Amino acid sequence: MLRTMTRGSDDVGGRVARGAKGERTRTRLREAALTSFRERGYDATTMRAVAADAQVSAGAAYQYLSSKEDLVQEFYAAVVAEQRARVTAALDGERSFEARLRVAWHAVVHVLAPYHAHAGEFVAVGIRPGTDANPFSEASGATRRDAVALLEDVVAGARPAVPSAVRALLPEALWLAQLGLTLFWVADSSPGARRTHGLVDAAAALTARAVRLARLPVARPLIVDALTLVERARPAGGGRP
(Lines give C-alpha, C1' and ligand atoms only; values in the text may rest on other atoms or scores of the structure.)
Protein backbone atom coordinates (compact mmCIF):
# COMPACT_ATOMS: atom_id res chain seq x y z
CA MET A 1 0.00 0.00 0.00
CA LEU A 2 2.79 2.37 0.96
CA ARG A 3 4.68 1.60 -2.25
CA THR A 4 1.55 2.33 -4.32
CA MET A 5 1.03 5.72 -2.66
CA THR A 6 4.68 6.64 -3.11
CA ARG A 7 4.65 5.68 -6.77
CA GLY A 8 1.48 7.72 -7.29
CA SER A 9 3.07 10.71 -5.58
CA ASP A 10 6.13 10.38 -7.78
CA ASP A 11 3.93 10.26 -10.89
CA VAL A 12 2.09 13.40 -9.84
CA GLY A 13 5.34 15.13 -9.02
CA GLY A 14 6.73 14.16 -12.40
CA ARG A 15 3.70 15.51 -14.22
CA VAL A 16 3.93 18.78 -12.28
CA ALA A 17 7.64 19.06 -13.04
CA ARG A 18 7.08 18.37 -16.71
CA GLY A 19 4.25 20.90 -16.76
CA ALA A 20 6.38 23.55 -15.09
CA LYS A 21 9.28 22.83 -17.43
CA GLY A 22 6.95 23.02 -20.42
CA GLU A 23 5.64 26.40 -19.32
CA ARG A 24 9.19 27.71 -18.89
CA THR A 25 10.04 26.47 -22.38
CA ARG A 26 6.96 28.15 -23.84
CA THR A 27 7.85 31.38 -22.04
CA ARG A 28 11.36 31.32 -23.50
CA LEU A 29 9.95 30.75 -26.98
CA ARG A 30 7.45 33.58 -26.53
CA GLU A 31 10.12 36.02 -25.35
CA ALA A 32 12.45 34.99 -28.18
CA ALA A 33 9.66 35.50 -30.72
CA LEU A 34 8.81 38.96 -29.38
CA THR A 35 12.47 39.97 -29.46
CA SER A 36 12.79 38.69 -33.02
CA PHE A 37 9.67 40.60 -34.09
CA ARG A 38 11.11 43.80 -32.63
CA GLU A 39 14.56 43.36 -34.12
CA ARG A 40 13.98 41.40 -37.36
CA GLY A 41 10.30 41.89 -38.08
CA TYR A 42 7.74 39.27 -39.01
CA ASP A 43 9.10 38.47 -42.47
CA ALA A 44 12.64 37.73 -41.30
CA THR A 45 11.58 35.78 -38.21
CA THR A 46 11.69 32.00 -38.60
CA MET A 47 10.64 29.23 -36.25
CA ARG A 48 14.16 27.82 -36.41
CA ALA A 49 15.69 31.16 -35.41
CA VAL A 50 13.22 31.59 -32.55
CA ALA A 51 14.02 28.09 -31.31
CA ALA A 52 17.75 28.80 -31.47
CA ASP A 53 17.34 32.11 -29.62
CA ALA A 54 15.30 30.32 -26.93
CA GLN A 55 17.91 27.54 -26.74
CA VAL A 56 15.31 24.95 -27.69
CA SER A 57 15.58 22.38 -30.46
CA ALA A 58 13.49 23.12 -33.53
CA GLY A 59 11.60 19.87 -33.05
CA ALA A 60 10.74 20.74 -29.47
CA ALA A 61 9.66 24.25 -30.46
CA TYR A 62 7.05 22.86 -32.83
CA GLN A 63 5.46 21.00 -29.91
CA TYR A 64 4.50 24.37 -28.44
CA LEU A 65 4.09 26.64 -31.45
CA SER A 66 3.28 25.02 -34.77
CA SER A 67 3.80 27.99 -37.11
CA LYS A 68 4.72 31.65 -37.41
CA GLU A 69 1.03 32.46 -37.13
CA ASP A 70 1.13 30.92 -33.65
CA LEU A 71 3.94 33.36 -32.88
CA VAL A 72 1.65 36.19 -33.97
CA GLN A 73 -0.98 34.96 -31.50
CA GLU A 74 1.64 35.11 -28.77
CA PHE A 75 2.42 38.67 -29.89
CA TYR A 76 -1.26 39.66 -29.73
CA ALA A 77 -1.62 38.16 -26.26
CA ALA A 78 1.50 39.93 -25.00
CA VAL A 79 0.26 43.29 -26.30
CA VAL A 80 -3.11 42.92 -24.57
CA ALA A 81 -1.49 41.78 -21.32
CA GLU A 82 0.90 44.73 -21.25
CA GLN A 83 -1.87 47.14 -22.22
CA ARG A 84 -3.96 45.85 -19.31
CA ALA A 85 -1.05 46.22 -16.90
CA ARG A 86 -0.51 49.83 -17.94
CA VAL A 87 -4.22 50.67 -17.89
CA THR A 88 -4.89 49.06 -14.52
CA ALA A 89 -2.20 51.15 -12.86
CA ALA A 90 -3.16 54.39 -14.62
CA LEU A 91 -6.92 54.15 -14.04
CA ASP A 92 -6.72 53.87 -10.27
CA GLY A 93 -9.05 56.60 -9.04
CA GLU A 94 -9.84 57.93 -12.54
CA ARG A 95 -13.59 58.02 -13.23
CA SER A 96 -14.01 60.25 -16.30
CA PHE A 97 -15.00 58.09 -19.27
CA GLU A 98 -13.03 60.26 -21.69
CA ALA A 99 -9.92 60.13 -19.54
CA ARG A 100 -10.22 56.37 -19.03
CA LEU A 101 -10.56 55.82 -22.77
CA ARG A 102 -7.56 58.03 -23.50
CA VAL A 103 -5.49 55.98 -21.08
CA ALA A 104 -6.46 52.70 -22.76
CA TRP A 105 -5.81 53.90 -26.29
CA HIS A 106 -2.57 55.72 -25.48
CA ALA A 107 -1.40 52.59 -23.68
CA VAL A 108 -1.72 50.34 -26.71
CA VAL A 109 0.26 52.82 -28.82
CA HIS A 110 3.04 52.84 -26.22
CA VAL A 111 3.04 49.04 -25.99
CA LEU A 112 3.34 48.70 -29.77
CA ALA A 113 6.06 51.36 -30.11
CA PRO A 114 9.05 48.94 -30.10
CA TYR A 115 7.55 47.12 -33.10
CA HIS A 116 6.90 50.19 -35.23
CA ALA A 117 9.73 49.65 -37.71
CA HIS A 118 8.16 46.36 -38.82
CA ALA A 119 4.49 47.07 -38.08
CA GLY A 120 3.49 47.02 -41.74
CA GLU A 121 4.55 43.38 -41.97
CA PHE A 122 2.03 42.42 -39.29
CA VAL A 123 -0.71 44.28 -41.13
CA ALA A 124 0.21 42.48 -44.36
CA VAL A 125 -0.03 39.04 -42.78
CA GLY A 126 -3.09 39.95 -40.72
CA ILE A 127 -5.24 40.89 -43.71
CA ARG A 128 -4.52 37.77 -45.76
CA PRO A 129 -7.77 35.86 -46.41
CA GLY A 130 -8.13 32.85 -44.14
CA THR A 131 -5.06 33.53 -42.03
CA ASP A 132 -5.17 32.76 -38.31
CA ALA A 133 -3.23 35.98 -37.76
CA ASN A 134 -6.30 38.02 -38.74
CA PRO A 135 -7.64 39.79 -35.61
CA PHE A 136 -11.14 38.57 -36.53
CA SER A 137 -10.14 34.90 -36.97
CA GLU A 138 -11.30 32.10 -34.72
CA ALA A 139 -7.70 31.56 -33.62
CA SER A 140 -7.55 35.17 -32.43
CA GLY A 141 -10.76 34.77 -30.44
CA ALA A 142 -9.28 34.50 -26.95
CA THR A 143 -7.04 37.53 -27.34
CA ARG A 144 -9.83 39.48 -29.00
CA ARG A 145 -12.15 38.75 -26.08
CA ASP A 146 -9.42 39.78 -23.63
CA ALA A 147 -8.99 43.08 -25.47
CA VAL A 148 -12.74 43.75 -25.43
CA ALA A 149 -12.90 42.79 -21.74
CA LEU A 150 -10.29 45.43 -20.97
CA LEU A 151 -12.44 48.05 -22.67
CA GLU A 152 -15.47 46.73 -20.79
CA ASP A 153 -13.58 47.57 -17.59
CA VAL A 154 -12.87 51.05 -18.95
CA VAL A 155 -16.59 51.55 -19.57
CA ALA A 156 -17.78 49.93 -16.33
CA GLY A 157 -15.59 52.10 -14.12
CA ALA A 158 -16.71 55.42 -15.62
CA ARG A 159 -18.70 57.91 -13.55
CA PRO A 160 -21.22 59.18 -14.39
CA ALA A 161 -22.13 55.71 -15.58
CA VAL A 162 -22.32 55.12 -19.31
CA PRO A 163 -26.02 54.94 -20.32
CA SER A 164 -27.35 51.39 -20.25
CA ALA A 165 -28.73 51.77 -23.79
CA VAL A 166 -25.20 51.83 -25.23
CA ARG A 167 -23.18 50.08 -22.52
CA ALA A 168 -23.39 46.55 -23.94
CA LEU A 169 -22.11 47.25 -27.47
CA LEU A 170 -19.76 50.12 -26.65
CA PRO A 171 -16.68 48.04 -25.68
CA GLU A 172 -16.74 46.18 -29.00
CA ALA A 173 -17.06 49.46 -30.87
CA LEU A 174 -14.13 50.84 -28.89
CA TRP A 175 -12.05 47.80 -29.85
CA LEU A 176 -12.83 48.34 -33.53
CA ALA A 177 -11.86 51.99 -33.14
CA GLN A 178 -8.64 50.86 -31.47
CA LEU A 179 -7.85 48.74 -34.53
CA GLY A 180 -8.37 51.82 -36.69
CA LEU A 181 -6.06 53.87 -34.50
CA THR A 182 -3.48 51.12 -34.74
CA LEU A 183 -3.62 51.17 -38.54
CA PHE A 184 -3.10 54.94 -38.46
CA TRP A 185 -0.12 54.43 -36.13
CA VAL A 186 1.47 51.95 -38.56
CA ALA A 187 1.78 54.72 -41.17
CA ASP A 188 2.62 57.47 -38.66
CA SER A 189 6.20 58.70 -39.12
CA SER A 190 5.91 61.63 -36.70
CA PRO A 191 8.38 61.70 -33.78
CA GLY A 192 7.09 59.58 -30.92
CA ALA A 193 3.89 58.85 -32.89
CA ARG A 194 2.79 62.39 -32.03
CA ARG A 195 0.06 62.41 -34.68
CA THR A 196 -1.39 59.13 -33.44
CA HIS A 197 -1.48 60.33 -29.84
CA GLY A 198 -3.20 63.51 -31.02
CA LEU A 199 -5.76 61.41 -32.87
CA VAL A 200 -6.32 59.33 -29.73
CA ASP A 201 -7.14 62.48 -27.75
CA ALA A 202 -9.54 63.73 -30.43
CA ALA A 203 -11.21 60.33 -30.86
CA ALA A 204 -11.67 59.87 -27.12
CA ALA A 205 -13.23 63.33 -26.82
CA LEU A 206 -15.60 62.66 -29.73
CA THR A 207 -16.59 59.27 -28.30
CA ALA A 208 -17.27 60.79 -24.90
CA ARG A 209 -19.52 63.41 -26.47
CA ALA A 210 -21.44 60.69 -28.31
CA VAL A 211 -21.91 58.82 -25.03
CA ARG A 212 -23.23 61.96 -23.38
CA LEU A 213 -25.66 62.45 -26.27
CA ALA A 214 -26.96 58.92 -25.66
CA ARG A 215 -28.47 60.23 -22.44
CA LEU A 216 -30.83 62.43 -24.47
CA PRO A 217 -33.98 60.69 -25.75
CA VAL A 218 -33.82 62.60 -29.04
CA ALA A 219 -30.25 61.44 -29.81
CA ARG A 220 -30.21 58.00 -28.20
CA PRO A 221 -31.73 56.05 -31.15
CA LEU A 222 -29.09 57.42 -33.54
CA ILE A 223 -26.22 56.46 -31.23
CA VAL A 224 -27.69 53.01 -30.65
CA ASP A 225 -28.14 52.48 -34.40
CA ALA A 226 -24.51 53.45 -34.98
CA LEU A 227 -23.32 51.00 -32.35
CA THR A 228 -25.36 48.15 -33.79
CA LEU A 229 -23.10 48.32 -36.83
CA VAL A 230 -20.64 46.50 -34.57
CA GLU A 231 -22.69 43.36 -35.11
CA ARG A 232 -21.86 43.49 -38.81
CA ALA A 233 -18.16 43.38 -37.99
CA ARG A 234 -18.46 40.26 -35.88
CA PRO A 235 -16.73 37.13 -37.16
CA ALA A 236 -18.76 34.73 -39.27
CA GLY A 237 -20.67 32.32 -37.09
CA GLY A 238 -21.85 34.94 -34.63
CA GLY A 239 -20.72 35.65 -31.13
CA ARG A 240 -18.64 38.47 -29.86
CA PRO A 241 -15.56 39.67 -31.73
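The values are calculated or read from the model by the stated rules, or taken from the named source; none is laboratory data. It should be emphasised that the depicted structure is a prediction, and the values quoted were computed from it without experimental measurement. Counting neighbours? That spans all protein chains shown, and the Cβs are built from the backbone with ideal geometry, glycine included.
Worth a mention:
- The set of residues in the range 204-225 that are among the β-branched types (Val, Ile, Thr) and surrounded by fewer than 16 Cβ atoms within 10 Å (Cβ to Cβ) comprises Val218, Val224.
- Total residues in the range 175-196, condition at negative phi and in contact with a Phe, Trp or Tyr (Cβ under 9 Å, 6 or more places away or on another chain): 6
- With respect to the conditions (1) basic (Lys, Arg); (2) more than 16 Å from the chain's Cα centre (by Cα); (3) under 25 Å from Trp175 (Cβ atoms), Arg40 lacks only one, and its number is (3).
- Unique match (being among the small types (Gly, Ala, Ser), modelled with pLDDT under 95, in contact with a helix residue (DSSP H, G or I) (Cβ under 9 Å, 6 or more places away or on another chain) and in the same structural domain as Glu82 (by TED's automatic domain parsing)) among Ala165, Ala156: Ala165
- Considering only residues in the range 68-93 that are free of Cβ contacts under 8 Å to residues at least 40 places away in the same chain and outside any helix (DSSP H, G or I), the one that is surrounded by the fewest Cβ atoms within 10 Å (Cβ to Cβ) turns out to be Gly93.
- Residue match in the range 103-122 (condition: modelled with pLDDT of 95 or more, under 15 Å from the mean Cα position of the chain (by Cα) and either closer than 18 Å to Ala214 by Cβ or hydroxyl-bearing (Ser, Thr, Tyr) (or both)): yes
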